[in-house]
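Quick notes on the structure that follows.
Every number in this text was worked out from the coordinates using simple rules, so none of it is lab data. This structure is a prediction, so every number in the text was calculated from the model and none was measured. Note that we place each Cβ from the backbone using ideal geometry, even for glycine, and neighbour counts take in every protein chain shown.
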Amino acid sequence: MKRLARVGLVFGVLALGGTVVGCADKENEAAKQHRIKASNHMAKKEYKEAAEAYALSLQADPKQEKVWEKKAFAHIELGEIDKASEAVLKILEFKTTPAEKAEIYRTLASIYMKGGTLDDAEKYFNESLKLEPKDEASLGWIAEIYAQRGGARSMSAPIVKADLEKSLSYYDQVIAINPNSANTYLNKRVVMGRMMEYERQQMEMAKSEAVENAKDPKIVEEANARAAEHLKQMEAYNSQFADMTKKFSDAQKATKAQAANQK
């Protein structure tokens, strides 16, 4: 009796195993069919329908890394940044090395950059930096984020000195890693141009204050001192601006020479 019971138990396990495999086959087939439908929609640029079909495929089989990627792309094309982000975060579960994970975080950050959500972009670039502290791309993009916040990309935008200074500090980190990064010198020069404009504005305001309070020697003295300090700072930035121009040119030459040597 005991032997029969043991055999029966084994058969039961085998039968159960067979049922699971059959279920898995059905799930795989469902995932495949929905995936095919999604691909057809993608070919026609029917991104809404594609995203829905990819979702059904992933519901049947969530372990499809490439399908998560395609779903993310469909949402990006629809302008659904948060849904695209959710899909990309799922891809992160398939990655094992710090470099692979850092790349996913950069992808997430890029999605938010495209959508104009700078806070979220900065967040994910920083996640990448936790894994790869010398990630030149992430440092450069964070510098760009602060440049935009500081008004460096629009002559009509208000200048925020603290953000521009932070942008410069990130560009300096990129240069420390890659002294031949020509674009970094170019971008840093743009920020310095806005810093010069900030100092000029502050100088003019101080001069105006001195004129408006001409009868108060103390105010005039303080205002003129501030104006002189802003002029000094403006000249310092102007000197650095010229230096960036030279370094940009040198970096371009170095890059061309390196490319020629590799031929």
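Placing unit charges on the Cβ atoms of the charged side chains and taking the dipole of the chain about its Cα centre, the candidate lying farthest along the positive direction among ALA38, MET192, TYR105 is ALA38. Here LYS70 is the anchor, and the lysines within straight C-alpha reach of less than 23 Å, apart from those fewer than 8 places off in the same chain, are LYS26, LYS32, LYS37, LYS44, LYS45, LYS48, LYS83, LYS90, LYS95, LYS101, LYS114. Within a straight-line Cα-Cα reach of under 17 Å, LYS134 can be paired with the following aspartates and glutamates, leaving aside sequence neighbours fewer than 8 residues apart in one chain: GLU100, GLU103, GLU122, GLU144, ASP172.
Per-residue ellipticity at 222 nm, computed for the chain from helices alone with -39500 (n - 2.57) per DSSP H run of at least four residues, works out to -29000 deg cm²/dmol. Put in line by how crowded their Cβ is, counting other Cβ atoms within 10 Å and starting with the fewest, VAL191, VAL160 read VAL160, VAL191. With R₀ fixed at 30 Å, the C-beta to C-beta distance from ASP243 to LEU89 puts the FRET efficiency at about 0.10.
Loop-located trypsin sites (Lys or Arg not before Pro) in segment 56-88 (DSSP state not H, G, I, E or B) with no more than 14 neighbouring Cβ atoms inside 10 Å: LYS63.
For segment 142-257, the dipole from Cβ point charges (+1 on Lys and Arg, -1 on Asp and Glu) about the Cα centre works out to 540 debye, to the nearest 20. Comparing GLU49, GLU235, GLU212 in a Gaussian network model of the chain where C-alpha atoms under 10 Å apart are linked, the largest mean-square fluctuation is found at GLU212.
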